[in-house]
Structures are given as structure tokens and as C-alpha cells.
1. Based on what the data block shows, is Ala155 out of contact with any Ser or Thr (no Cβ under 8 Å at 6 or more places or on another chain) and not in a loop (DSSP other than H, G, I, E, B)?
2. Is it the case that the stretch 91-104 has a residue that's basic (Lys, Arg) and modelled with pLDDT of 95 or more?
3. Any residue that is in a helix (DSSP H, G or I) and closer than 21 Å to Arg55 by Cβ - is there at least one of those in the stretch 129-145?
4. What do you reckon, is Glu170 part of a helix (DSSP H, G or I), surrounded by fewer than 16 Cβ atoms within 10 Å (Cβ to Cβ) and not polar (S, T, N, Q)?
5. Which condition does Ala149 not pass, out of (1) in a helix (DSSP H, G or I); (2) within 20 Å of the chain's Cα centre (by Cα), if it passes all the others?
6. Can you tell me which of Val82, Val125, Val73, Val154 is within 16 Å of the chain's Cα centre (by Cα) and surrounded by fewer than 24 Cβ atoms within 10 Å (Cβ to Cβ)?
7. Hey, among Val172, Val148, Val181, which residue is touching a helix residue (DSSP H, G or I) at 6+ places or on another chain (Cβ under 9 Å), over 21 Å from Tyr209 (Cβ atoms) and either modelled with pLDDT under 95 or assigned by TED's automatic domain parsing to the domain that holds Asn112 (or both)?
8. Taking the options Thr222, Thr202, name whichever one is closer than 19 Å to Arg61 by Cα, at pLDDT 95 or above, β-branched (Val, Ile, Thr) and buried (at least 18 other Cβ atoms within 10 Å of the Cβ).
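The values are calculated or read from the model by the stated rules, or taken from the named source; none is laboratory data. Predicted, not measured: the structure shown is a model, and the values here were computed from it. Don't worry about glycine lacking a Cβ; one is built from the backbone with ideal geometry, like all the others, and counts go over all protein chains shown.
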Amino acid sequence: MTAWLRRGGFPDVSKHTVDRLMRLEGMNGLVRGRKPRASASTGKDSPRAPDLLKRNFSAPRPNHSWVTDFTYVPTWGGFVYVAFAIDLYSRAIVGWHASTIKDTPFVEVCLNMALWRRDHAGHAVGPGLIHHSDAGSQYTSIKFTETVALEVLVASIGTIGDAYDNAAAETVMGLYKNEAVAKTSPFMTGPLKTIADVEKLTFDWLDWYNNRRLHSSLGNMTPEEYESNYYAETNGPINIEAANKTAA
């Protein structure tokens, strides 16, 4: 909040003043209390890609390595599953998909959206991008493994039963559940009845997350700003506006 106010025209505001005023207004930051989960796997002996990240969740440039995962959102009609693909350089969510079925096509659509958005922005993914996930059955399936190979990506999968091997994705999932899905979230304009409600909620939150939310790990910049600075110094500005015009 202090960083946001300083960027908004109050450069001399003190964090102690902000803290005091927030407490007077009954405002406080969100606290994530849920422990990391480990996804179900196809089995200990199932052939799968090695863990190439080794819990090193940083990247030297955009499109170097992505992490992916999915979570669930309860609705009146049952669970809706939401998958994200996250670029480790900027923490930008580059692809997402919502479905009532958590199968392999569900996570494939998320990956395809991420690839399309990067291409549409003028920065197509080149061969060798590391695609990292947990050892869930959707990501270790033959079909998804073939999809990754056909896109000339390099698969990376964490160890079984260890959520910390995909901690960067787990962190974003936690932010999504607390900032978007929580009952007190400003993005919750009513009860989540159908998958369409979840898609609308998710799209609105993603637009804020990528374009307006300040990330302390990025020097209190947004993912959009962080990537724009990179491309401005290398290959020219990224076409973020075009990339954001994806259908929900």
C-alpha cells in the first residue's frame, strides 16, 4: 500500500502513517494460511521428466521458464478448476483456463493460450523454454508430454508429494484464492453459480494482477512494466495491449 501511494503522487508518505490509517479504517493485508498441497501422481515408477529448476524460481529473461498449476473454485454447480501458466522472469500469468473437468485437455488449453498470447504480443516462445509443473497425472500423461515435445519445449516436473518443488506456482494460486475468490474480495460481485462466473472473476483479477498489482519481488513494479522494461532495452517494447485482448 505504501509503494502504491508513493507511485500515485504521495512520495513522502511513511509506512508507519499508512499502517496507522489502515488500522483506523479497519483495513489489513490478506494472510494466506493454507499449507501447500501435493498433487496426485501417476505413480512413483511412472516415467516423467526430471526437475530442471531444483527450486530455483528465477529466470534471466521472459520465455525462459514457466511454471504451471491449477486450483479449484467452489460454485453452486460444483467445483470449477482454474489453471495458470506463469513466467518466472516477471511472474506474469501468461495463460489460463477454467474447466469443470481436471483432465489433460484442460491443462493443454492453458498452455496453448500462453503460447498464443506470447506470439500475439510479438514475442513468440522459442525452442527450449522450460515448462515446469508438479507430478500431477495431467502433466505426466503421454498426451501432454507429446504436446510439450511438439511445441519444442523442455518438460520439467517436480518430485512426487513435494509441493515446494513447484512453490512459485503455489504462491500465485494462494494469491488468486485470497485476492479473487475470498468472500471479501472486491472481485466477488455475487455468488459463483456457474463456470461463467468463475471465468469473469478470473479474467478481471488477471487483468489487475498483470497490469496494476505491484509486486515486491519486481521492485514494486507490475509484471507488464517489468517485461516492458526488458524489451525496451533489448528488442523494443512488448505489445501488452494486444496480448491482453484475449477472450475469456
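1. So Ala155 does not fit the description; no.
2. Yes, the stretch 91-104 contains a residue that is basic (Lys, Arg) and modelled with pLDDT of 95 or more.
3. So far as the stretch 129-145 goes, yes, one or more of its residues are in a helix (DSSP H, G or I) and closer than 21 Å to Arg55 by Cβ.
4. When the stated conditions are applied, Glu170 does not pass them.
5. So Ala149 meets the others, but not (2).
6. The match here is Val73.
7. Val148
8. Details: Thr202 fails: closer than 19 Å to Arg61 by Cα.
When all the criteria are applied, what remains is Thr222.
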